[in-house]
């Protein structure tokens, strides 16, 4: 297996693309601090005529994600729009006309349901489950939910997963996400639908926003997905038929030996294990 192109500078790749679909956590910031080099790279790409849509598995509406970006100091010049798995989740809940929902996730995610007519009920009374994360992602893991998920599976409850990520960076730590609970539920033969990457609906919405920003749609070979997750960002891009740039200094950094000097053999191993080969690889998003 031949390794993908390795580049330290996004400017070497940028002329090949009209649209960038850029992941947020792990590429633009790590939940606690923003990455100025990434903002500069995206801003320069836009200044040269490209469109940037931030595409994230955050289980909250895009406008909430924007407020966080503003607090962290991510400039509006870095992107044309945001599409979140929270946006996709709201669409699914709206089509189900609200209903009785058992919500698995922290209270901070409740604004996701504003205006949708949802009636929050205990697990045994619910029509379906919406999982946005763990109740306490600072101190819990998937195994803490096995008994709850077993009971829900016994009642054949459908689960809508609002964040397909297994883990996300919070500073230098990895925190479990809703995808880890959804994966466990699926292992019990539970019925799960995923709202975000790597599934097509979020890419459809992102490309529609990019076309509106540019005034024209882009050919698939002129679209680049940037991200730090093989399972969501890279697989999603491959399935959708667009190019991809893998950022090594993200959630896979420990597997690769170093954030600054990833091991080439380890890279090939994790690509082979994931069954995906990115178009190119970079340590961090830098112009």
message = Quick test of your reading of the structure: residue 138 fulfils all but one of (1) closer than 27 Å to residue 107 by Cα; (2) assigned by TED's automatic domain parsing to the domain that holds residue 34; (3) part of a loop (DSSP other than H, G, I, E, B). Name the failing condition by number.
response = (2)
remark   = Of the listed residues (276, 286), the one being over 21 Å from residue 172 (Cα atoms), at pLDDT 80 or above and not in a helix (DSSP H, G or I) is 276
Residue in region 144-157 that is out of contact with any strand residue (DSSP E or B) (no Cβ under 9 Å at 6 or more places or on another chain) and outside any helix (DSSP H, G or I) present = yes
message = Among the listed residues 205, 254, 221, identify the single one that is without any contact (Cβ under 8 Å) to a residue 60 or more places away in the chain and either touching a helix residue (DSSP H, G or I) at 6+ places or on another chain (Cβ under 8 Å) or assigned to a loop (DSSP other than H, G, I, E, B) (or both).
response = 254
key: Residue match in region 228-238 (condition: surrounded by fewer than 24 Cβ atoms within 10 Å (Cβ to Cβ), in the same structural domain as residue 59 (by TED's automatic domain parsing), free of Cβ contacts under 8 Å to residues at least 12 places away in the same chain and closer than 22 Å to residue 54 by Cα)   = no
query = With respect to the numbered conditions (1) surrounded by 21 or more Cβ atoms within 10 Å (Cβ to Cβ); (2) in contact with a strand residue (DSSP E or B) (Cβ under 7 Å, 6 or more places away or on another chain); (3) at pLDDT below 95; (4) not in a loop (DSSP other than H, G, I, E, B), which one is the sole condition not fulfilled by residue 174?
reply = (1)
note = Going through (1) surrounded by fewer than 22 Cβ atoms within 10 Å (Cβ to Cβ); (2) under 19 Å from residue 16 (Cβ atoms); (3) assigned by TED's automatic domain parsing to the domain that holds residue 42 one by one, residue 287 fails only at (3)
query = Are any of the residues in region 248-264 surrounded by fewer than 16 Cβ atoms within 10 Å (Cβ to Cβ) and at pLDDT 95 or above?
reply = no
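The values are calculated or read from the model by the stated rules, or taken from the named source; none is laboratory data. The structure displayed is predicted, hence computed values, not measured ones. With ideal geometry, Cβ positions are generated from the backbone for all residues, glycine too; neighbour counts draw on all protein chains shown.
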